[in-house]
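Heads up, the thing below is written out as structure tokens.
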There are 4 protein chains.
Amino acid sequence: MNYKILLENARKNIKSCRVCQVCDGKACKGEIPGIGGKGTGLGFIRNYEKLREIKINMDTIYSLQEVDTSIKLFGKRFKYPIFAAPIGDVKLNYSDFFTEYEYQKAIVVGCKNAGTIAFTGDGVKDYVFKKPLEVIGENDGWGIPTIKPWKKDEILRKIRLAEEKKVLAVAMDIDAAGLALLGMQGKPVSPKSVDDLKEIIASTKLPFILKGIMTVKGALKAVEAGAYGIVVSNHGGRVLDETLSTIEVLPMISREVKGKLKIFVDGGFRSGLDVFKAIALGADAVLIGRPYSIAAYGGGIEGVEFYTNKIGGELHNTMIMTGAKDLNSIDESMVTIVK
Amino acid sequence: MNYKILLENARKNIKSCRVCQVCDGKACKGEIPGIGGKGTGLGFIRNYEKLREIKINMDTIYSLQEVDTSIKLFGKRFKYPIFAAPIGDVKLNYSDFFTEYEYQKAIVVGCKNAGTIAFTGDGVKDYVFKKPLEVIGENDGWGIPTIKPWKKDEILRKIRLAEEKKVLAVAMDIDAAGLALLGMQGKPVSPKSVDDLKEIIASTKLPFILKGIMTVKGALKAVEAGAYGIVVSNHGGRVLDETLSTIEVLPMISREVKGKLKIFVDGGFRSGLDVFKAIALGADAVLIGRPYSIAAYGGGIEGVEFYTNKIGGELHNTMIMTGAKDLNSIDESMVTIVK
Amino acid sequence: MNYKILLENARKNIKSCRVCQVCDGKACKGEIPGIGGKGTGLGFIRNYEKLREIKINMDTIYSLQEVDTSIKLFGKRFKYPIFAAPIGDVKLNYSDFFTEYEYQKAIVVGCKNAGTIAFTGDGVKDYVFKKPLEVIGENDGWGIPTIKPWKKDEILRKIRLAEEKKVLAVAMDIDAAGLALLGMQGKPVSPKSVDDLKEIIASTKLPFILKGIMTVKGALKAVEAGAYGIVVSNHGGRVLDETLSTIEVLPMISREVKGKLKIFVDGGFRSGLDVFKAIALGADAVLIGRPYSIAAYGGGIEGVEFYTNKIGGELHNTMIMTGAKDLNSIDESMVTIVK
Amino acid sequence: MNYKILLENARKNIKSCRVCQVCDGKACKGEIPGIGGKGTGLGFIRNYEKLREIKINMDTIYSLQEVDTSIKLFGKRFKYPIFAAPIGDVKLNYSDFFTEYEYQKAIVVGCKNAGTIAFTGDGVKDYVFKKPLEVIGENDGWGIPTIKPWKKDEILRKIRLAEEKKVLAVAMDIDAAGLALLGMQGKPVSPKSVDDLKEIIASTKLPFILKGIMTVKGALKAVEAGAYGIVVSNHGGRVLDETLSTIEVLPMISREVKGKLKIFVDGGFRSGLDVFKAIALGADAVLIGRPYSIAAYGGGIEGVEFYTNKIGGELHNTMIMTGAKDLNSIDESMVTIVK
């Protein structure tokens, strides 16, 4: 496996995504279906660009110890704090190359083989939720299904399906609440109150992760609702145009809720340095979306494993260059926010 | 009706405007006649660009109620706080496709059908004022004629003409006061003192709106003169080059005069998100100019109605994504000014 | 005369300068000989760009009076505070189209006809100083010769020549002090101490202007030396690369020395709005360089007169749009510095 | 010798480097081997770009004295504070044009002839360290070998080799500590503790310079370890992507350790003005890397001497334009940090 060849293969196998040199949201802006950000595309683009404004403070005068990149979550230890973000309905958004099952298998098993874990997606059509769940079931529950904010019965039904597969945790992308298109196809979504969420979360013993938090207020409501964790996310810029980037709201949110729940973040993370920055600014772990699809289309299970180790290796190297021996040692003093 | 086809038709029917992917003032800079900003074009360009620096704070954890986008003004209720800005003499500025009457009918009736209202224009030649007034008369006074700052007699004469048509309100684009070209054609314009304006405003029972306010000082003088409202506007960058953008002076002006008169704003607003931002920063309603012309040339009455509902729908969606149940609920905490 | 044709003619008659749509120092950067800024060209480019960050605060609610753009200097009244900056040795820097005498005649007489005045240049070869002086002599001393910081005897000799022609004032571009090239051609220049300058200034009854001041410290030394005025100038970026822009040091300098001597400024001024900005930020008058050459090559005497009235007209219009009845009424409250 | 021809020759003789008009890290980003910055290349690019934000405060009103650009270091006086940065293994990174010996001879002798000194490099293969050392030996020890942070024995062995050649000083690029590639080739590098460094530094009487300091903390550790000097450096962006630029950390570091050890800096310095800026912000001297290679490939020994005098001449001129009579007179008041 070689990253250059992986990218070349991905270019052949994907129709919508150009597999740009830099995945920054510019070429694909406005392309939905497809993989772009909504409208001006600035939600996606800003995610990438604001990460460029976090710089690493290099210091190699220290006594080297073994560097440990692992993290413990849901009672399990993962090799890196790097997880695949939920992406679904891939024939619609990417190409005909993979069936939903094949795609999700590449992602779920590739992450598992690399020692991390994948979030999986949901959609109007039932197979978008069920196919990844099938793969997760075949892999001892090693995956995190993500449910859209449907009507309560539908949510609870899907949580039950997930429990049957003994998944490690379950998530809800609450920021999909404004997708009127889903309602037009007969499956309305809507915002959920703290009470709604309390009831949903209380219905399962699974750790419950709320994805799509972009404000301190939202994060505090997630704590109140009893969530195991949040994903600071603007849905890759696909549900609302012109939001802030996730990396700029992360420190504000972390300052308020760190320790009360786990903080994941996604949006434009493209290297192990970016993962390092997120952790320095208060995240526990990072989700990566579009590049994982490229890895899957470019190299299948192996490609996903390779990509995870590539990003993980970069994180490891950044820790050496800053003197951080484990994830807990990565702190704000190791980065500088510029401009 | 479909926005892509509307834009394609507009490209065919307009001569001066390129109907760019993004209407940001760059391609047409300096083109007067035509639809550009004056000189460097930076007045228009900055309007668009500074709006990009207002971000929406997404939060979908709340209990959903019916979302109400309507606003009451002049004793009437409008479906959205989105009005067409005055544009006139369209053969000169756009193309031969429409007579003045046909163009203004598309705008006035299209807005009315969508539940909002159009401002109409004025010029050296009498038909530029009278043709839209004719349309407004045919539609129960559903329109707001805008008079240039001519000599007092001429202004009063035009107010009388407007009253005869039972218009809902009347406006004056006081920022046209420096257009020497009008004087050269025998119809001089000039700045007006607060006393001048008091006399003009006192001459009619119609709500009187002063368009072209860009400073707190100017807004306070409008209050003193007894205006019903102001339009924070730099005339789309067409009367003075290198002004500030309207969105950056809006909060300063709103802080001083909110509640004392109605605050409209125009300049570079291109989406329902932009309308949301204006309201969050203190506007009551938004005027949109050039894109309404594109809608008219691209789809006539229907195009204008379609466009209004498109922008209104985006406003509605943004309110869902932030938890604002009506326009009064939209406040500064729902946006972040960046950069 | 028409500005478009003037520019087209200039494009034909000049060899080095591209007569760009916008004269901002980018196309010609590093071109010396030629008309570019030195090195990276950033001294010139920044002059233009920082002017874009000064915005005009439009307000047309006031009682209009006659607008007066005139200024009194050297006991004379000028129609506008807009003067031609010294440019010399035009065969070297522009093209063979004009002899030095022809070029300087276009500039000196054109400015005089428009009611303003031109500064003229100096160089290693004597004709660069003497030819413009000849033109000034033919026009009742209506011009300001600018002398390089040569050895004292040479400076005094040139002041005497200027006095013979009854010039209105004399200037020295003290920022040419580092041009080693001049020394290599046998005519060394050097910095001058306050005492040196006192002696030089005391040697003549002519008002003496020090050109090339970029710091408060330098301005205070000019006051101490007894200068009539200073020109805040970085020599169009041609004597030292990577200085600040003149518009950004102007307010600091003005705050310290305003009223103690006259403050001129040059560097990237391209419109009457730019002139307005300089005056709002503390200048008494503005010098314009390269665009005057374009006017001369594009239209001779008439071109220079036309150009002066064009810029002056823009200043006049800006005063109407802000309510400034004369130059003294233009103050800092009428502009906003952004970014 | 002529700089234009030097550049043209360099373009012929180098394979990897495009010898751009401006050497700013953009064209070659990510090219390793080659001469680019790592990953996004932003470490290199930012070095160049942040230097553009330091402006020179021009003032030529003063009494001129002889300008002295020289500096005393290691008990020797150098004509300029401008040294060649260590670059090695040139067949791998540049082209086949030079053997390692030929290249290093051009650099070492060219610098010596110009009155300054060169740092030389190190690598996995022994000749990368030994060939330049051979040249230094042939030139009375006039050079500074730079050793990678190998295992201690290897470092001490190389220091002994350097001592035998009577070099003026020895350096270690401690920021190479994360280059896993070296370990894969059987020569592991690693971070060094203060105690490690104390032992290494105590092992020799040579002045010891630690290269690759980017934080105040790191600089204080270098003081504690007994270093003669540090090089504020991000290794031209080649060891860790997305660091700060060196010019922006320099003032912070200088404020803490100036006077306790010598402060060198490298990264994107391209002119004598840039050297002036570094000294104004607290550096004692500057290292220049890639442009020295271009000088060597473009003109051999003579090219390197020519280039050194070119940059030194620019420094000299900048001192005239600011009134600095020697390096100690260059202070923070002579520059302005903008943006």
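Points worth noting:
- Looking only at the range D:1-21, and only at residues there that are part of a helix (DSSP H, G or I) and not hydrophobic (A, V, I, L, M, F, W, C), the one that is surrounded by the most Cβ atoms within 10 Å (Cβ to Cβ): D:Asn13
- Any chance C:Phe97 is surrounded by 16 or more Cβ atoms within 10 Å (Cβ to Cβ), in a strand (DSSP E or B) and touching a residue at least 40 places away in the same chain (Cβ under 8 Å): no
- All helices (runs of 4 or more DSSP H) inside the range C:150-241 with 3 or more residues being within 12 Å of chain D (Cβ to nearest Cβ): C:180-184, C:194-202, C:216-225
- Residue within the range A:30-48 that is surrounded by 18 or more Cβ atoms within 10 Å (Cβ to Cβ) and more than 18 Å from A:Val239 (Cα to Cα) present: no
- If the condition is being among the polar types (S, T, N, Q) and within 13 Å of chain A (Cβ to nearest Cβ), then the range D:242-274 contributes D:Thr243, D:Ser245, D:Thr246.
- Residue within the range C:195-216 that is closer than 28 Å to D:Arg270 by Cα and open to solvent by 20 Å² or more (accessible area, probe 1.4 Å) present: yes
- Test: D:Ile147 is closer than 24 Å to A:Met58 by Cβ, open to solvent by less than 30 Å² (accessible area, probe 1.4 Å) and modelled with pLDDT of 95 or more: yes
- Scanning the range B:18-43 for residues that are under 23 Å from A:Lys29 (Cα atoms) and touching a helix residue (DSSP H, G or I) at 6+ places or on another chain (Cβ under 7 Å) returns B:Val19, B:Cys23, B:Asp24, B:Gly25, B:Lys26.
- Matching residues, the range D:123-142, being at positive phi and crowded, with 18+ Cβ neighbours inside 10 Å: D:Gly141
- The listed residues are B:Ile5, B:Ile45, B:Ile32, and the only one of them that is β-branched (Val, Ile, Thr) and in contact with an Asp or Glu (Cβ under 7 Å, 6 or more places away or on another chain) turns out to be B:Ile45.
- Filter result for D:Glu302 (away from every other protein chain (no Cβ under 11 Å) and open to solvent by 10 Å² or more (accessible area, probe 1.4 Å)): yes
- Considering A:Val135, A:Val109, the condition of being of a type outside the set (Phe, Trp, Tyr), without any contact (Cβ under 8 Å) to a residue 60 or more places away in the chain and outside any loop (DSSP other than H, G, I, E, B) is satisfied by A:Val135 alone.
- Where strands (runs of 3 or more DSSP E) fall entirely within the range D:22-88, those with at least 3 residues that are farther than 24 Å from D:Pro145 by Cα and at the interface with chain C (Cβ under 10 Å from one of its Cβ atoms) are at D:54-56.
Yes or no, residue by residue, for (1) among the acidic types (Asp, Glu); (2) touching a strand residue (DSSP E or B) at 6+ places or on another chain (Cβ under 8 Å); (3) farther than 19 Å from B:Phe306 by Cα; (4) modelled with pLDDT of 95 or more:
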site	(1), (2), (3), (4)
B:Lys79	no, no, no, yes
B:Ala85	no, yes, no, yes
B:Ala114	no, no, no, yes
B:Gly121	no, yes, yes, yes
B:Ile136	no, yes, yes, yes
B:Asp140	yes, no, yes, yes
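- Under the condition of being under 22 Å from C:Ile247 (Cβ atoms) and surrounded by 21 or more Cβ atoms within 10 Å (Cβ to Cβ), the residues counted in the range C:318-339 number 9.
- Candidates are the residues of the range D:150-194 that are under 18 Å from A:Thr60 (Cα atoms) and among the basic types (Lys, Arg); the one that is least open to solvent (accessible area, probe 1.4 Å) is D:Lys192.
The values are calculated or read from the model by the stated rules, or taken from the named source; none is laboratory data. All values derive from a computational prediction rather than experimental measurement. So basically every Cβ, Gly included, is an ideal-geometry build from the backbone, and we count neighbours across all protein chains shown. For accessibility, only protein heavy atoms count, side chains too; no ligands or nucleic acids. Shrake-Rupley method; radii C 1.70, N 1.55, O 1.52, S 1.80 Å.
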